[in-house]
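Okay, so here's the structure we're looking at.
Rule-based calculations on the coordinates, nothing more; no lab input. Because the structure is a prediction, the values reported are computed rather than measured. No Cβ is skipped: glycine too gets one built from the backbone with ideal geometry, and neighbour counts run over all protein chains shown.
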Amino acid sequence: MKHLIDEPKESFWSIFKDDNDWNEKSIIGFIAFLVMTLVVAVDLVTGYMGRELVINDYVFNAFTIIVLGCFGISGAENIMGKKTKKDEGADEKPLPEEYEG
């Protein structure tokens, strides 16, 4: 119980910092997926009740594109490896001191 008191809690905005363990694209994609699933469920319920849920196609398509984009980018990062600022210069060798250029 003491470890819960001593450790500082992360704020909501710490999710969006560069040096964190959260994958922001997955979070946004999951939230968009939940909204899209909620709209489909409400549409099914209102259709069963005999009413039509009027929602523009471009709104639903926008959520679909957000979900596919977020999960696609996140999946590509997992496959190809995420390059961070720390890793950018890891493969480069320092120049010799006599190099003039």
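I need the full set of residues from segment 49-80 which are among the acidic types (Asp, Glu) and farther than 19 Å from Ile28 by Cβ, in order please. Glu52, Asp57 - these are the residues of segment 49-80 that are among the acidic types (Asp, Glu) and farther than 19 Å from Ile28 by Cβ. Restricting segment 17-47 to residues that are within 20 Å of Ile73 (Cβ to Cβ) and among the charged types (D, E, K, R) leaves a set whose member that is surrounded by the most Cβ atoms within 10 Å (Cβ to Cβ) is Lys25.
Among residues of segment 55-80 that are part of a helix (DSSP H, G or I), those with a beta-carbon under 9 Å from a residue that is surrounded by 12 or more Cβ atoms within 10 Å (Cβ to Cβ) and hydroxyl-bearing (Ser, Thr, Tyr) at least six positions away or on a different chain give the pairs Cys70/Ser26; Phe71/Ser26; Ser74/Ser26.
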